[in-house]
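To keep things clear, I will list the structure first and then write my remarks on it.
The values are calculated or read from the model by the stated rules, or taken from the named source; none is laboratory data. This one's a predicted model, so the numbers in the text were calculated from it and none came from an experiment. FYI the Cβ positions are ideal-geometry reconstructions off the backbone, even for glycines, and counts take in every protein chain you see.
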Amino acid sequence: MARGRDEQGPDEDLDQGRGDPVLPEVDDDLDAESHARLTRRRHARLLRQRIVFAVVVVLVLAVGGGAYLVWSGRWQPGGAAGPSAAPTPSCTPVAPPELVAPGQVSVDVLNGTDRRGLAAAVAGELRTRGFVVTTVDNAPEAVGPATAVVTYPPEAFPQAATLGARFPQVQLVEDPAVRAVAVSLGDGYQQMLGEDALVTPLPPGSPTC
């Protein structure tokens with residue numbers, strides 16, 4: 001005799017009504033504790049990856065910045081970074097003056113040494129080379145070790161340079177108080193330069209490049 005509905009066992013009721021029991025969903029078939037440990041490991045690995053990425057980015061920026069400083073000249077390896085030194089202004093050499101013909105130069109020849117007859121001997125050679133010698137005399141004071149000192153008024157620099165080109169290591173002195181070109185011979189004088197070996201002097205104060 002068939003049993004009534006109320007007489008069915010509990011197992012049969014589960015089978016007919018709800019089927020198999022439903023288990024809680026856990027990733028990868030892990031229990032809750034294992035799942036938590038796995039999640040923590042994943043977070044730690046993600047954090048390490050982010051730290052490594054940040055370090056790589058910082059290194060790339062540092063290397064790129066250093067390369068730019070070297071390329072721009074603002075930093076030399078082994079030295080402190082900073083603005084590059086200001087370039088030294090270039091030196092513009094002064095062009096030698098144009099010489100005039102010896103016949104256009106009137107000169108006083110003065111002996112600034114204790115060697116007798118020196119001024120007369122130099123005056124004679126200057127006349128031979130075409131200069132106009134107006135005075136032969138002793139210098140007001142000893143010249144010293146210089147070869148020759150040429151004094152001249154400001155407007156007579158071409159004439160002074162023409163005369164000075166005949167003397168080695170000549171000194172040119174502009175003097176507004178004088179009225180004529182004069183050469184004062186010093187103890188260093190030995191002989192005049194040859195006409196094929198003249199050295200044109202530059203104006204006083206010219207830069208040496």
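Can you confirm whether residue 61 is modelled with pLDDT of 75 or more and either closer than 30 Å to residue 178 by Cβ or assigned by TED's automatic domain parsing to the domain that holds residue 180 (or both)? No, not satisfied. Just to be sure, is residue 131 under 41 Å from the mean Cα position of the chain (by Cα), of a type in the set (Phe, Trp, Tyr) and modelled with pLDDT of 95 or more? Judged against the criteria, residue 131 is not a match. Just so you know, in the range 105-122 the residues that are among the polar types (S, T, N, Q) and assigned to a strand (DSSP E or B) include one that is farthest from residue 180 (Cα to Cα), and it is 111.
Could you tell me whether the range 127-139 includes any residue that is under 15 Å from residue 191 (Cβ atoms), without any contact (Cβ under 8 Å) to a residue 40 or more places away in the chain and assigned to a helix (DSSP H, G or I)?
Yes, the range 127-139 contains at least one residue that is under 15 Å from residue 191 (Cβ atoms), without any contact (Cβ under 8 Å) to a residue 40 or more places away in the chain and assigned to a helix (DSSP H, G or I).
The residues listed here are 169, 191; of these, the one that is without any contact (Cβ under 8 Å) to a residue 24 or more places away in the chain, under 38 Å from the mean Cα position of the chain (by Cα) and surrounded by fewer than 16 Cβ atoms within 10 Å (Cβ to Cβ) is 169.
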